[in-house]
Amino acid sequence: MYTYFKRLMDISVSLIILIILFPFFLIIGILLKFSGEGEIFYSQKRVGYNNMPFNILKFATMLKDSPNMGSKTLTVRDDPRITKIGKYLRLTKVNELPQIINVLKGDMSFVGPRPLLNTSVLKYSKEVQDIIYKNKPGITGLGSVVFRDEEKLVSEVLKHGGVPMDYYQKHIYPYKGALENYYYHNISFLTDFKILFATAWQLVFKQSNLIYKFFPKLPSKPESLTLIGISKL
């Protein structure tokens, strides 16, 4: 019942949003077409429902060959591979809006675990790998809200002489896995509504910890995932 009504809601809401945002999409598309490298959309293969691959859509924010340049798949704040317009699209999360098309197609839902590269999924514990994509991946989710400023954390690690990939492996992936595990075992319409509300709230109040008030039993965030904690590593 939950799955059926969630899909019905995804179709209805995504259609309405796409109609409303079409003029905005058109403006963004024109800006991207005549700036940077002329690319409007960026597509990348991600792991989806029941571990089946799909192509996620985003507005193009980086140079075409960015996966083979610099830090490759790892993106940091003020990454030189990010285009001028792309910087603002990423900061405001507008670059994620084309994923509404993925929702309409059925690849994704509005709320769910974030769709990752297969190499990233394999960094989760076996327990998390077994359950994470038994639900459709989402545009937003617990991990998306908690790690809204992930690029800033990684940039801070670099600033303090740390190795970003080691930081991901030791600190980010274990906690993200705990969040996905919590979502899987507490999934409901109320859970999804709270996540959507917290996502919108955080767009205005960027430092808000509303998500932890909504979910008091959520695994506590380790100090290592704060700017102060990074300085102590």
Any chance you could count how many residues in region 84-111 are in contact (Cβ under 8 Å) with a residue 24 or more places away in the chain and part of a helix (DSSP H, G or I)?
15
For region 141-164, check the following and say yes or no: at least one residue is in a loop (DSSP other than H, G, I, E, B), crowded, with 23+ Cβ neighbours inside 10 Å and at pLDDT 95 or above.
yes
Condition met for residue 175 (surrounded by fewer than 17 Cβ atoms within 10 Å (Cβ to Cβ), in a helix (DSSP H, G or I), at pLDDT 95 or above and of a type in the set (Ser, Thr, Tyr))
no
For region 175-189, check the following and say yes or no: at least one residue is under 21 Å from residue 157 (Cα atoms) and either more than 17 Å from the chain's Cα centre (by Cα) or of a type in the set (Ser, Thr, Tyr) (or both).
yes
Contacts under 7 angstrom Cβ, first residue in region 5-34 being in a helix (DSSP H, G or I), partner surrounded by 11 or more Cβ atoms within 10 Å (Cβ to Cβ) and among the hydroxyl-bearing types (Ser, Thr, Tyr), 6 or more apart
6/109; 10/109
Matching residues in region 26-41 - criterion: being in contact with a helix residue (DSSP H, G or I) (Cβ under 8 Å, 6 or more places away or on another chain) and either surrounded by 12 or more Cβ atoms within 10 Å (Cβ to Cβ) or of a type outside the set (Gly, Ala, Ser) (or both):
28, 31, 32, 35, 36, 39, 40
Restricting to region 113-136, what's the tally of residues that are within 24 Å of residue 59 (Cβ to Cβ), assigned to a loop (DSSP other than H, G, I, E, B) and either free of Cβ contacts under 8 Å to residues at least 60 places away in the same chain or under 10 Å from the mean Cα position of the chain (by Cα) (or both)?
4
Subset of region 12-70, residues at pLDDT below 95 and either small (Gly, Ala, Ser) or in contact with a Cys (Cβ under 9 Å, 6 or more places away or on another chain) (or both), comes to 29, 35, 36, 38, 43, 60, 66, 70
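Which one is surrounded by the most Cβ atoms within 10 Å (Cβ to Cβ) among residues in region 183-229 that are assigned to a loop (DSSP other than H, G, I, E, B) and among the charged types (D, E, K, R)? So that I can check it myself, show each step before the final result.
Of all residues in region 183-229, those assigned to a loop (DSSP other than H, G, I, E, B) come to 186-188, 205-209, 215-222, 226.
Retained after the next criterion (residues that are among the charged types (D, E, K, R)): 206, 217, 221.
Details: 206: 10, 217: 8, 221: 17.
It comes out as 221.
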Does residue 220 count as farther than 19 Å from residue 49 by Cβ and in contact with a helix residue (DSSP H, G or I) (Cβ under 7 Å, 6 or more places away or on another chain)?
no
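The values are calculated or read from the model by the stated rules, or taken from the named source; none is laboratory data. Remember, it's a predicted structure, so these values are computed and weren't measured experimentally. Don't worry about glycine lacking a Cβ; one is built from the backbone with ideal geometry, like all the others, and counts go over all protein chains shown.
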